[in-house]
Amino acid sequence: MADNYSILIQKLDEFIRKFYKNQLIKGGLYTFAVMLAFFLTIIILENFAHFGIVIRSILFYSYLGVNFVIISKLIAIPLFKLYKIGKIISHDQAAEIIGNHFTEVKDKLINIIQLKSLSETKPGNNDLVIASINQKTLQIKPIPFTKAIDFRKNRKYIKYALIPVFVILILLVTAPGIITDSTKRILKHGTFFEEEAPFQFNIQNKKLEALQHEDYELEVKLTGNPIPVNVFIEIENVQYQLSKENPVNFNHRFKNIQKDTKFQLVGDGFKSKEYTLKVLAKPIILNFEVSLTYPSYVNKKDEILQNTGDLLIPQGTKINWKIQTKDTKNVLVRFNDKKLSLERKGENSFGYSAILMSGLSYSIVSSNEYLTNKDSLNFSINVIPDVFPSIKVDEFKDSVYEKQLYYKGMIKDDYGFSKLTFNYKRYFENDSTGKQNNVVSKTIPISSGMNQQQFMYYFDLASTTLLPGEQVEYYFEVWDNDGVNGSKATRSQKKLYKSPTQKEIEQNNEKSTKKIESDMDQAIKDAKDIQKQIEELNKKLNEKKSLSWQEKKQIQDLLDKQKQLQNKVENIKQQNEQKSIKENQNNPQDEDLLKKQEQLNKLFEDVMTPEMKDLLKQFQDMLEKMDKSKVSEMMEKMKMDAKDIEKELDRNLEIFKQLELEKKINEVIEKLDNLSKDQENLSKETENKDKKDNDNLQKKQEDLNQQYQDLKKDLKQLDEKNKELEEPKNLKNNEEKQNDIQKEMENSSNNLKSNKNKKAAESQKKASEKMKELSEELNKAQQDNQEEEASEDIDALRTILENLIQTSFDQEALMKKVAIVKTTDPLYVKLIQQQNKIKDNLQMIEDSLFALSKRQAQIESFVNREIADINQNSNSSIESLTARQPGLAVSKQQFTMTSINNLALMLAEALQQMQKQQKESQQKKSGSCKKPKPGSCSKPGSGKPSFNSMKQMQQALNKQMEEMKNGKKPNGKQGQGQQGNQTMSEQYARMAAQQEAIRKQLQKMNDELKKEGKNGNGGNINKLVKDMEQTETDLVNKMISAETIKRQQEILTRLLESEKADKEREQDEKRQSNEAKNENFSNPNAFFEYKRIKTKEVELLKTVPASMTDFYKKKVNEYFYSFEN
């Protein structure tokens, strides 16, 4: 049964396939007929209508659409179903179609399919159903189902396809153009096909391409016959007439083309095909932005510039270009010979960054795929390099202290400064070793932000402690704040100061000395001449009752000479002060000489008293009134003044010569000591060195020989200075010793030439020893002379004082007698004689005192003036007694006695000072100085201790301790055995005692400073005392460690600091005590000018507004500085 039913199903499937084949054949015939008919319709319409592009495009795509729909429905769908793709008809539908053809099996076939479905849906006892299916299947089995479809019935549709085929064939034979041309235009529906005309439009332009925003010239040429008179161009349905060049050539200008333009040419009703003028986008730079990032040190705000490329920038500026474009593919920058393609930062943005160190020219060119813009942007960048700073310095030297230098300078730079220094270095001109001191730099405070400013500086060459003959090279150096290339420096012009050599110093001092002596001699002569002329003029005036013009002229000449004398004295005083200052600058003098120099300076100041200066003024006023009696009196006073000047100058000249002699003696002693040391060192060198170095030794010896020859000249000059004194010093004749020294030195030179080094060394050593002996002899002679003179002067002053007191008593007794004795009494004449005797005694006292004052500068100038007044009053009393005027005589005697008493008091004080100095000198002589010099040794056991002496003692103790630590005794020998240990123990105890003594002195000084309220360094002293106590403990315990040595060095360092502080304190006290004196100061005018300019600078900083740009700040600075000039 299953087989019958399967056969039935197979037959139904065959029917279904034949059914769809039939559908496919019928659909193909329909599709062919419709496609040909639609095609024929379109080409016929195109042939007659000659459609445009749009209609042809519509027809073309409509034809394709219709064909697609027909083919899909009539061919594609049956084809898919034939191969069972998609939904096909069911067996029931197939049975329905078969039953319509074979009516006798319709119900049976459908009933079989339904029974089969029922049996499958309701399983169970279906035997009856199955039997019914088999029965009916057997009944219809013989019937061929495929016969229900007849392919021949499709023949009737062939006629529909043949009709369009025949029409097409006829047209192809009769008018093929209708088919071919129309088909071509339909297929190329997007192409314009112009209607055939008797003429043709020929475009002469090679390419229909134009640059955007530019004009385009269209050139048209007509060919054929006939040719239209006018030709038009149609753009967007608007026609424009072409310009006619000649009958066949026409043109048209497209202006400022923005986009692609379609056009047709029209003539006599005929249109050309549609043309398209293609617009090529032109690369355009819309915006050009330059960002400038300046170096930070120029203090300039960053800028952003729009649409400008010409720049003026500082070196090191970072430039960032940002370019906005349109229709641009690439932006090219040409830097001189270098080309760079800018980096694209966005769709229409390009950028580039660079830091420029030098100027250049550059151009910017934009381009795209069509063209490169010919209009490039050309710019130039000027880079301002950071130039070197400039410095200008003016030097001002002090008029007195030539080593004190003042500087006023101006520094300029583009943007500012980083540092300003003053630099100097010391060196010797002929330094054979080639070694020069390092440069010393001192920073000068400046304002780093100002690019133009002044500065002031003070430099004291004395602070460099120059040696004789040493040179100082100094200059200023300024650095700018260049943050790109690094700070650049500019130096001012180098200046050179050459410290005079010892020989030059001596020559200058000798020259100044002779000049002062010469001027003083001339001033003394002038004073004498004035006195002489006054005496002569007084004689003439006594013979006349009134003053004539001639006498008045002579008096005026005397006044002028007196003024000139005063000026000379003032000039001598200044010369002496300057000489003293320069000498002390080059060769600091000891305390005794400085005191004597100060006394001499004071004597020069007291030569011209204020009364003398007022007298000249009074005399000038009186001369104009022509009062003879008063003029004579004033001339007598002027004569006395001239005499006082003469005496004071004579005295000062003698003291000046004595002081110069003493300086020369000290100078020669010092030279002898130095030369002796050099000779001794050369002796040791000669002993130790090989004979190969004899040439060098000979040269050194020759130098010493030359120095000794110069020294002999100094000794000769010393002898000459001594002879110039009124009372020459007792200097022993040492010519024999000088010759011995010279002989030994010559022997050493000869022995060195003969390579006899041992003998040469012996001669050198002997020469050194004899130099020491000569130095000691000179030193002893000087001290002996000073002691002898001091004793003699004290005795002389004591004698003068006794005589003066006795004279005072005599004057008093005589004064009482004159008061009671009558003028008619014969005793009256004896009283006059007694007054003359007192006058003679006073004259003797005056001469003695004046002679003493020439040796002792301590005797003030007013002492000599006081005794002159005494003599004048004494003379007046004699004149009054002679004129029988006892009352007036007693008055003058009273004045005389009072002046004598005053003078006695002053001389008594001077005597006490001289005795005190003599005592101090004796104490110095009995002190510990090996070779005492005036002022060179402190008083042992008296006065407060000094830091200098404690420092020296501490240095010696430290040296002993270092030797002990190294296993040596202080004399440098090794201790041996038990005796050595005992000596070492004694040495430890001795050093502990020395340290204790130093500590006690320090404590004593600290206590004294506390009492005086000057303990400004107490903390340092207390620390010193503690460290010294610790050292004492170590020494008692016989322990000298590295820590002990280090502590000793710290003690010495603190002593040096304390000594420096003590000196500064003494200098402050000295300045306070000499507050009214004009000494050791720089030029006051220069100092005040310096302060004024400095104040002006501060005000200038406040004046310049900070908000100004650098350019205007510079202009304001220049404006203010211009006032100074």
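When Lys830 is evaluated against the numbered criteria (1) at pLDDT 85 or above; (2) within 60 Å of the chain's Cα centre (by Cα); (3) charged (D, E, K, R), which criterion, by number, is the only one it fails? Failing condition for Lys830: (2). All of (1) touching a helix residue (DSSP H, G or I) at 6+ places or on another chain (Cβ under 8 Å); (2) within 22 Å of Thr293 (Cβ to Cβ) hold for Tyr424 with one exception: (2). Selection of the range 745-778 for residues being under 22 Å from Ile669 (Cβ atoms), surrounded by fewer than 21 Cβ atoms within 10 Å (Cβ to Cβ) and not small (Gly, Ala, Ser) yields Lys765, Lys766, Glu769, Lys772, Glu773, Glu776, Glu777, Leu778. Quick check: is even one residue across the range 524-540 over 59 Å from the mean Cα position of the chain (by Cα), farther than 27 Å from Gln578 by Cβ, at pLDDT below 80 and among the basic types (Lys, Arg)? Within the range 524-540, one or more residues are over 59 Å from the mean Cα position of the chain (by Cα), farther than 27 Å from Gln578 by Cβ, at pLDDT below 80 and among the basic types (Lys, Arg). Of everything listed in (1) among the polar types (S, T, N, Q); (2) modelled with pLDDT of 80 or more; (3) not assigned by TED's automatic domain parsing to the domain that holds Gln564, the single unmet condition for Gln574 is (3).
Return yes or no: is Ile75 among the aliphatic types (A, V, I, L, M), closer than 29 Å to Ile158 by Cβ, at pLDDT below 80 and part of a helix (DSSP H, G or I)? Criteria not met by Ile75.
Condition (residue is of a type outside the set (A, V, I, L, M, F, W, C) and within 60 Å of the chain's Cα centre (by Cα)) applied to the range 791-801: is it met by at least one residue? Scanning the range 791-801, I find no residue that is of a type outside the set (A, V, I, L, M, F, W, C) and within 60 Å of the chain's Cα centre (by Cα), so the answer is no. The set of residues from the range 490-539 being of a type in the set (A, V, I, L, M) and crowded, with 19+ Cβ neighbours inside 10 Å comprises Ile505, Ile516, Met520, Ala523, Ile524, Ala527, Ile530, Ile534, Leu537. In this structure, does Thr823 turn out to be more than 60 Å from the chain's Cα centre (by Cα) and part of a helix (DSSP H, G or I)? For Thr823, the condition - more than 60 Å from the chain's Cα centre (by Cα) and part of a helix (DSSP H, G or I) - is not met.
Of the residues screened, Leu332 is not one that is under 43 Å from the mean Cα position of the chain (by Cα) and outside the structural domain of Glu209 (by TED's automatic domain parsing).
On inspection, Gln679 fails the criterion of being under 18 Å from Lys770 (Cβ atoms) and surrounded by fewer than 16 Cβ atoms within 10 Å (Cβ to Cβ).
Answer yes if at least one residue in the range 595-607 is at pLDDT 70 or above, surrounded by 14 or more Cβ atoms within 10 Å (Cβ to Cβ), out of contact with any Ser or Thr (no Cβ under 9 Å at 6 or more places or on another chain) and over 16 Å from Val863 (Cα atoms), and no otherwise. Within the range 595-607, one or more residues are at pLDDT 70 or above, surrounded by 14 or more Cβ atoms within 10 Å (Cβ to Cβ), out of contact with any Ser or Thr (no Cβ under 9 Å at 6 or more places or on another chain) and over 16 Å from Val863 (Cα atoms). Being assigned by TED's automatic domain parsing to the domain that holds Asn320 and at pLDDT 85 or above is the requirement here; does Gly351 meet it? Yes. All conditions in (1) in a strand (DSSP E or B); (2) in contact (Cβ under 8 Å) with a residue 60 or more places away in the chain hold for Tyr370, with the sole exception of (1). For the residues Lys322, Lys300, the requirement of being under 41 Å from the mean Cα position of the chain (by Cα), within 30 Å of Asn485 (Cβ to Cβ) and part of a loop (DSSP other than H, G, I, E, B) singles out Lys300. Does Asn688 satisfy the criteria of being at pLDDT below 80, not assigned by TED's automatic domain parsing to the domain that holds Leu593 and not hydrophobic (A, V, I, L, M, F, W, C)? In short, yes. Look at (1) polar (S, T, N, Q); (2) surrounded by fewer than 19 Cβ atoms within 10 Å (Cβ to Cβ); (3) modelled with pLDDT under 85; (4) farther than 19 Å from Tyr406 by Cα and you find that Ser487 fails only one, number (3). Of all the numbered requirements in (1) in a helix (DSSP H, G or I); (2) closer than 22 Å to Asp592 by Cα, Leu731 misses one, and that requirement is (1). Scoring Gly269 on the criteria (1) surrounded by 14 or more Cβ atoms within 10 Å (Cβ to Cβ); (2) closer than 30 Å to Gly52 by Cβ leaves a single failure, condition (1).
Restricting attention to the range 470-486 and to residues that are in a strand (DSSP E or B) and over 10 Å from the mean Cα position of the chain (by Cα), the residue that is farthest from Met357 (Cα to Cα) turns out to be Glu470. How about the range 487-511: which of its residues are more than 21 Å from Leu467 (Cα to Cα) and part of a loop (DSSP other than H, G, I, E, B)? If the condition is that a residue be more than 21 Å from Leu467 (Cα to Cα) and part of a loop (DSSP other than H, G, I, E, B), then Ser487, Lys488, Ser492, Gln493 are the ones that fit. Please enumerate the residues belonging to the range 36-86 that are among the basic types (Lys, Arg) and either surrounded by fewer than 14 Cβ atoms within 10 Å (Cβ to Cβ) or touching a Gly at 6+ places or on another chain (Cβ under 7 Å) (or both). Lys73, Lys84, listed by residue number.
Within the option set Leu704, Leu697, being in the same structural domain as Lys780 (by TED's automatic domain parsing), part of a helix (DSSP H, G or I), surrounded by 13 or more Cβ atoms within 10 Å (Cβ to Cβ) and modelled with pLDDT of 85 or more holds for one residue only, Leu704.
The values are calculated or read from the model by the stated rules, or taken from the named source; none is laboratory data. Treat the numbers as computed from the prediction; the structure is a model and nothing was measured. FYI the Cβ positions are ideal-geometry reconstructions off the backbone, even for glycines, and counts take in every protein chain you see.
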